[in-house]
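None of the figures in this text is laboratory data; all of them are computed from the coordinates on show. Bear in mind the structure is a predicted one, so any value in this text is a computation, not a measurement. No Cβ is skipped: glycine too gets one built from the backbone with ideal geometry, and neighbour counts run over all protein chains shown.
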Amino acid sequence: MSAILLIAIPLLAAFISILFKKASPYILLFVSFGSVIILGYLPLETITIGGFSAPYGINLVLDQYSLIALYVVDTLFFLIVAIACVKYKKISTVLLVALAGLNGILLTGDLFNLFVFIEVSGIAAYLITTTNKKPLATFNYLVAGTVGSSLYLLGLIILYAMFGTLNMADMSANIASSGLTTAVAFPFLLMFIGLGVEAKLLPFNSWAKGILAHSNKLTGPMIASVYAAAIGFVFGRLLTSVFVFSDKLGLILTIIVIATIVAGEAMAFASGKVREILLFSSIAQSGLVVLIFLQGFVGWGVFLIVANAAGKLILFMIANHASDELGTDEVKAFKGLFVNNKVIGLAFTVASLSAIGLPMFLGFVVKMNILGDLFATGDYLIPAVILITSIVEGIYFVRLLMKLWYKEDNLPVVQYEFVLKYVVVVLAVLIMLFGVYSAPVETTANDIDANTIVEGGNL
Amino acid sequence: MKNFLALVFTLFLGFMIITALSNNEAFPKYGEADVSTRVSQKYLDRSVNGNPGEIIFREATNLESGPANTVTAIVADYRSFDTLGEVTVLFISSLGVALLLGSTKQRRMELDFHPNFMLKVGSRALFGIILMTGIYISIHGHLTPGGGFPGGTMIASSMLLLYLADDEFRAKIKGFKILESAAGSAYVIIGLLGLLIGSYFLENLLNNGVLGYLFSAGMIPIIYVLIGLKVGSEISGVIDNFLTEESV
Amino acid sequence: MLQYAAIVLLMLGLYGLLTQRNIIKIIISLNILEIGLNLFIVSVGFVDGGLAPIFTSVNNSSNLVFVDPLPQALVLTAIVIGVGTTALGLALAKNIYQKYGTFEIDEMGEE
């Protein structure tokens with residue numbers, strides 16, 4: 001069993017499934033389920049492709065970090081497909097390629113291969129958003145994504161001209177031994193901007209409003225939960241293992257990220273539509289994830305991504321199904337939604353309270369430890385920002401929840417099918433479970449921190 | 001006002017890029033790149049897994065990577081995983097165009113002008129020549145510049161010539177889809193065979209022969225022919241999708 | 001000289017993307033951006049007096065000075081990816097025209 005199968009089998013299934021259009025949703029379900037199962041049998045190793053070892057060939061890296069990332073992304077992908085594939089059959093081949101692309105992003109150890117797989121999963125994302133039936137929003141997403149990838153490639157080529165290699169581990173060893181920090185600041189800034197477009201960081205996220213504000217049951221969870229988690233993991237791998245920051249560059253990047261968080265929370269506070277509230281909260285959470293990785297806390301960054309992805313999956317799935325049925329997503333139209341759907345309401349409440357960071361939920365454990373580690377390093381500005389934005393988040397989520405549980409006449413009638421209820425309940429229970437019984441989370445996070453710092457550039 | 005701000009921004013950004021590159025002591029000036037410090041030196045000498053000594057055209061046998069064209073050796077042998085990703089990008093783009101523009105009953109798009117008889121007949125003669133050129137470039141990818149991607153594009157442009165010269169022509173799309181699917185699956189299956197029989201995914205299993213002959217370089221001509229067919233059929237499918245519309 | 005031309009093309013494409021309001025002109029600016037980028041990548045590998053990295057009956061030994069072949073392989077991939085995105089962009093443009101009747105973003109009105 002080799003991890004290359006995680007990329008090769010979905011690709012093969014995609015190439016074959018265009019001939020058997022009727023059977024393609026079942027092939028998709030089977031392959032995505034298989035990729036979750038196969039993760040249990042993979043040994044942790046570096047896999048060489050083609051017989052030429054790195055840095056002269058391409059290698060895939062399967063260490064503890066990528067194994068957790070693969071588990072999270074593949075499981076959430078399978079859950080979304082299980083719920084939404086009944087309605088969107090035409091798009092199954094695209095979803096198979098998206099699965100291969102996402103696995104490729106998380107596994108690869110070579111910077112140009114990362115660019116190719118980001119393009120593969122990016123184009124799959126553009127096609128998934130065409131189910132929104134808003135071609136102008138998809139076009140904006142396409143232009144923004146292509147410009148971002150081009151900037152990333154420009155930064156990568158400048159680094160190649162300076163150091164002569166494309167492999168991640170080799171590049172970080174060369175940078176560390178050459179001692180140049182100011183000269184590499186400019187290419188790093190370009191690469192950061194390129195990845196930041198996809199991760200919805202501030203000046204480059206104009207596409208996010210068009211796509212997620214009109215999303216449906218497949219697009220919303222996929223882009224906001226699965227893709228956001230994958231890009232977050234890529235940021236974590238690059239920021240902690242490859243990049244080296246001079247102080248000025250670190251300052252610029254921290255300013256960009258803090259501006260993202262503040263703007264995201266402010267716009268969510270001011271919005272009156274459920275999907276818009278959720279999407280601005282997503283933007284702020286992406287900024288928070290990158291901030292944590294910039295400060296160097298790998299383990300807790302990973303768990304922030306996990307908590308965030310699971311929570312946003314629940315929130316988007318419930319909100320999108322309701323807005324599909326009701327035709328609108330104004331908060332006024334949703335008033336009293338949960339009175340007749342108590343189970344769904346409880347899951348939504350759990351997910352939003354975890355996002356704020358209240359005790360008893362996974363979000364609380366993650367935020368407490370992050371704040372503790374930040375205070376220990378002596379920094380006071382960043383914890384202050386995190387606390388203030390958490391309070392703002394708490395206000396608007398609680399306001400939303402109160403409106404949705406409010407009992408009055410003319411309650412909106414929305415039916416939720418069984419599979420969706422089952423999935424969101426299981427995820428909500430897991431969030432609560434790990435919030436209360438948090439010892440395994442803490443040991444794993446410290447484990448990842450130790451392993452990554454010790455190995456440094458020799459992934 | 002907005003145009004002026006955009007102009008100032010792009011001028012500033014260009015100026016910043018140029019000064020950052022000229023102040024960068026590790027970035028070599030144009031024309032002074034030192035290939036021996038880069039990874040490419042081992043690609044040129046074919047010495048990644050052991051040193052074969054000096055390589056002479058038409059005399060060196062069974063090198064670790066057989067093509068005489070070093071760029072082909074990189075694209076199809078050393079870094080063939082990137083080529084697999086690239087093939088997937090084209091596949092999903094043509095699939096996306098078919099999803100966006102496709103419909104069930106189709107006929108050629110109505111245009112204002114109609115090509116005349118001489119154009120229709122003359123283009124058929126030219127079609128064969130362009131097709132032959134495309135196949136030649138695709139097969140000789142390991143000896144001359146080119147390879148599967150330009151070859152496939154030439155094959156597709158011969159189809160485009162037929163579409164433009166005759167406003168009632170439609171190719172057999174079903175055949176293209178089968179060809180595309182078969183070629184793509186064959187590429188992944190070759191890779192998986194490398195994993196099962198050899199020990200690495202996409203390993204070159206056949207003998208690499210003598211450098212410079214047509215039958216050399218192991219599996220690379222086969223891979224390039226598959227890629228040429230795939231690219232040709234995909235782009236022809238895209239052309240067909242753009243030039244048809246729903247029939248009433 | 002070549003690298004300056006590549007940077008100028010990059011900036012031209014970026015200027016076009018920031019200011020144009022017509023869908024087709026935006027796609028053309030995107031293509032100009034990608035051409036500039038590919039030109040820059042190839043220029044990174046040039047060696048003065050180097051030969052094309054192909055063994056032929058004239059350049060038949062590996063002791064000669066060749067240019068860097070790796071950026072050329074990277075550009076092959078980048079060009080194909082650009083073609084894929086352009087094809088998708090044009091198909092979306094056709095759908096936009098069928099839905100709104102115009103290519104100008106300012107005339108399209110609703111979100």
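At a glance:
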read-out	value
Relative contact order (percent, whole number), chain B, Cα cutoff 8 Å, 6+ residue spacing	27
Computed over chain A: relative contact order in percent, which uses C-alpha pairs under 8 Å that are six or more apart	14
Loop trypsin sites (Lys or Arg not before Pro), segment A:325-424, which have at most 13 other Cβ atoms in a 10 Å radius of their Cβ (DSSP)	A:LYS332, A:LYS407
Lysines with Cα under 17 Å of B:LYS172, excluding same-chain neighbours fewer than 8 positions away	B:LYS105, B:LYS230
Shielding by other protein chains, A:107-116, mean Cβ within 10 Å	4
R0 of 25 Å, Cβ-Cβ distance A:MET368-A:VAL429: FRET efficiency to nearest 0.05	0.75
Cβ-based net charge around A:ALA3, under 14 Å, with every Lys or Arg adding one and every Asp or Glu removing one	-3
q = 0.21 Å⁻¹, segment A:2-124: log10 I(q)/I(0) [Debye, one scatterer per Cα]	-1.20
Charge dipole (the protein assembly as shown, unit charges on Cβ, about Cα centre) - positive-most of B:PRO115, C:ILE7, A:ALA376	B:PRO115
Two-site FRET efficiency, B:ASN62 against B:ILE129, from Cβ-Cβ distance with R₀ of 56 Å, rounded to 0.05	0.90
Expected 222 nm ellipticity per residue - DSSP helices of 4 or more, -39500 (n - 2.57), all of chain C, to 500	-22000 deg cm²/dmol
Between segment B:89-132 and segment C:46-90, the alpha-carbon center distance in angstrom	31
Sites A:LEU39 and B:GLN41 - FRET efficiency at Förster radius 45 Å, r taken between beta-carbons, to 0.05	0.70
Theoretical ellipticity at 222 nm over chain A - DSSP helices of four or more residues, -39500 (n - 2.57) apiece, nearest 500	-23500 deg cm²/dmol
Label-to-label distance, nm, for residues given as A:VAL343 and A:ALA176 (7 Å Cα→Cβ offset)	5.1
Segment A:313-388-segment A:192-230 distance, computed between alpha-carbon centres (Å)	18
Exposed-loop-free span, longest in chain A, where GluC sites (Glu not before Pro) count as exposed if DSSP calls them loop and at most 10 other C-beta atoms lie within 10 Å	A:1-407
Options B:GLY184, B:ALA125, B:GLY228, ranked by Cα towards positive dipole end of segment B:70-246, top entry (Cβ charges)	B:ALA125
Average projection area in nm² (convex hull over Cα atoms of segment A:308-366, one quarter of hull surface)	4.2
Value of [θ]222 nm, deg cm²/dmol, for chain B, DSSP H segments ≥ 4, -39500 (n - 2.57) each, nearest 500	-19500 deg cm²/dmol
Paired Rg and Dmax values of segment C:1-81, which use every Cα atom, in angstrom	16.5, 54
Segment A:285-388: chymotrypsin sites (Phe, Trp or Tyr not before Pro) in DSSP loop, at most 11 other beta carbons within 10 Å	A:TYR380
Point-to-point label distance, A:VAL86-A:GLN415, nm (Cα→Cβ direction, 7 Å offset)	1.0
Environment charge at C:LEU18 (Cβ cut-off 14 Å; Lys +1, Arg +1, Asp -1, Glu -1)	+3
Segment B:70-246: translational diffusion in µm²/s, Stokes-Einstein, Kirkwood Rh over Cα pairs, 37 °C, 0.692 mPa s	188
Cross-link pairs beyond the 18 Å C-alpha cut-off, checked among A:LYS367/A:LYS421; A:LYS209/A:LYS421; A:LYS90/A:LYS133; A:LYS87/A:LYS332; A:LYS21/A:LYS89; A:LYS21/A:LYS90	A:LYS367/A:LYS421; A:LYS209/A:LYS421; A:LYS87/A:LYS332
Contour minus Cα-Cα distance for B:LEU192 and B:LYS120 (0.36 nm per residue)	21.4 nm
Range of Cα positions in segment A:125-278 per principal axis (Å), largest first	52, 31, 21
Chymotrypsin sites (Phe, Trp or Tyr not before Pro) within segment A:5-37: DSSP coil, no more than 14 neighbouring Cβ in 10 Å	A:PHE20
Inter-chain shielding of B:5-17 (mean C-beta neighbours from other protein chains, 10 Å cut-off)	4
Segment A:1-84: relative contact order in percent, alpha carbon pairs under 8 Å with at least 6 residues between	29
Net charge of neighbours whose Cβ lies under 15 Å from the Cβ of A:PHE397, counting Lys and Arg as +1 and Asp and Glu as -1	+3
Sequence ranges B:108-120, A:96-108, ranked by mean other-Cβ count within 10 angstrom, highest first	A:96-108, B:108-120
Cα-projected label distance for A:PHE20 with B:LEU11, points at 7 Å along beta-carbon direction, nm	6.2
Shape of segment B:1-140, Cα gyration tensor, a/c cut at 1.5	oblate
Theoretical gain in end-to-end length, B:PHE4 to B:LEU161 [0.36 nm per residue, Cα-Cα removed]	52.2 nm
Shielding of B:171-178 by partner chains, average beta-carbon count, 10 Å	1
Dimensionless Rg ratio for the protein assembly as shown, taking C-alpha atoms and the 2.2 N^0.38 Å reference	0.95
Principal axis dimensions, largest first and in whole angstrom, of chain A by Cα	70, 59, 43
